[in-house]
Ligand code: DAT
Ligand code: MG
């Protein structure tokens, strides 16, 4: 298996809670390398591209609104099987039930809002990673 890259986002909840450094450090500590890193405010257009697979779902608009609500830290991480490895490190989508030891499981919880506040995004396949890196690091 060769080295691959994945897109990681620290979502607005992670940035506003001051967890950017903690989250990036956990990914680096697992042995993955940062190859791109920037903080930005997303545009609606960018988010509609990024979340195209979820267009039309009931949570799509609240998700986009949440992601527009504050700065996001976007990173490209590299390493052997980093796509699968970061998804494993992030934990499952819902922070309340994400396994302890994962980023979502250790640092996230239900804030009475929605599951969208789950701290991080990670690409789910090689195809997604290539597409998403192109969107965030055009
Ligand atoms: P993941 O981020 O674990 O890859 P996903 O791609 O299925 O999850 O969904 C993208 C984001 O959308 C997710 O991080 C949080 C939000 N989301 C997913 N399912 C949801 C739901 N049923 N209700 C509200 N938000 C949801
Ligand atoms: Mg996803």
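Nothing in this text is a laboratory measurement; each read-out follows from the coordinates by a stated rule. Quick caveat: nothing in here was measured; it's all calculated off a predicted structure. Virtual Cβ from ideal backbone geometry, glycine too; neighbours counted across all protein chains shown.
I need a count of the residues in the stretch 78-132 that are surrounded by 14 or more Cβ atoms within 10 Å (Cβ to Cβ), at positive phi and out of contact with any strand residue (DSSP E or B) (no Cβ under 8 Å at 6 or more places or on another chain).
Summing the residues that are surrounded by 14 or more Cβ atoms within 10 Å (Cβ to Cβ), at positive phi and out of contact with any strand residue (DSSP E or B) (no Cβ under 8 Å at 6 or more places or on another chain) in the stretch 78-132 gives 1.
Looking at 78, 127, can you tell me which residue is farther than 18 Å from residue 14 by Cα and within 15 Å of ligand 2 (Cβ to nearest atom)?
Checking each option against the conditions leaves just 127.
Hey, any hits in the stretch 33-45 for a residue that's under 22 Å from residue 127 (Cβ atoms), more than 15 Å from the chain's Cα centre (by Cα) and either in a loop (DSSP other than H, G, I, E, B) or in contact (Cβ under 8 Å) with a residue 24 or more places away in the chain (or both)?
Checking the stretch 33-45: at least one residue is under 22 Å from residue 127 (Cβ atoms), more than 15 Å from the chain's Cα centre (by Cα) and either in a loop (DSSP other than H, G, I, E, B) or in contact (Cβ under 8 Å) with a residue 24 or more places away in the chain (or both).
Go through the stretch 96-121 and report how many residues are more than 16 Å from residue 9 (Cα to Cα), assigned to a loop (DSSP other than H, G, I, E, B) and more than 14 Å from ligand 2 (Cβ to nearest atom).
Initial filter on the stretch 96-121 (more than 16 Å from residue 9 (Cα to Cα)): 96-101, 105-106, 109-114.
Then drop every residue that is not assigned to a loop (DSSP other than H, G, I, E, B), which leaves 96-101, 109-114.
Pick out the ones that are also more than 14 Å from ligand 2 (Cβ to nearest atom) and you get 96-97, 99-101, 109-114.
The total comes to 11.
Just wondering, is there one or more residues in the stretch 9-26 that are in a strand (DSSP E or B), in contact with a helix residue (DSSP H, G or I) (Cβ under 7 Å, 6 or more places away or on another chain) and either without any contact (Cβ under 8 Å) to a residue 12 or more places away in the chain or closer than 16 Å to residue 137 by Cβ (or both)? Spell out the reasoning first.
Going residue by residue through the stretch 9-26, those that are in a strand (DSSP E or B) are 9-10.
Filter again for in contact with a helix residue (DSSP H, G or I) (Cβ under 7 Å, 6 or more places away or on another chain), leaving 10.
Within this subset, residues satisfying the condition of being either without any contact (Cβ under 8 Å) to a residue 12 or more places away in the chain or closer than 16 Å to residue 137 by Cβ (or both) are 10.
Checked the stretch 9-26: at least one residue is in a strand (DSSP E or B), in contact with a helix residue (DSSP H, G or I) (Cβ under 7 Å, 6 or more places away or on another chain) and either without any contact (Cβ under 8 Å) to a residue 12 or more places away in the chain or closer than 16 Å to residue 137 by Cβ (or both).
Would you please name the residue that is nearest to ligand 1 (Cβ to nearest atom), looking only at residues in the stretch 50-66 that are surrounded by 17 or more Cβ atoms within 10 Å (Cβ to Cβ) and in contact (Cβ under 8 Å) with a residue 40 or more places away in the chain?
By that ranking, first place goes to 63.
Does at least one position in the stretch 30-47 carry a residue that is in contact with a strand residue (DSSP E or B) (Cβ under 8 Å, 6 or more places away or on another chain) and surrounded by 18 or more Cβ atoms within 10 Å (Cβ to Cβ)?
Looking through the stretch 30-47, at least one residue is in contact with a strand residue (DSSP E or B) (Cβ under 8 Å, 6 or more places away or on another chain) and surrounded by 18 or more Cβ atoms within 10 Å (Cβ to Cβ).
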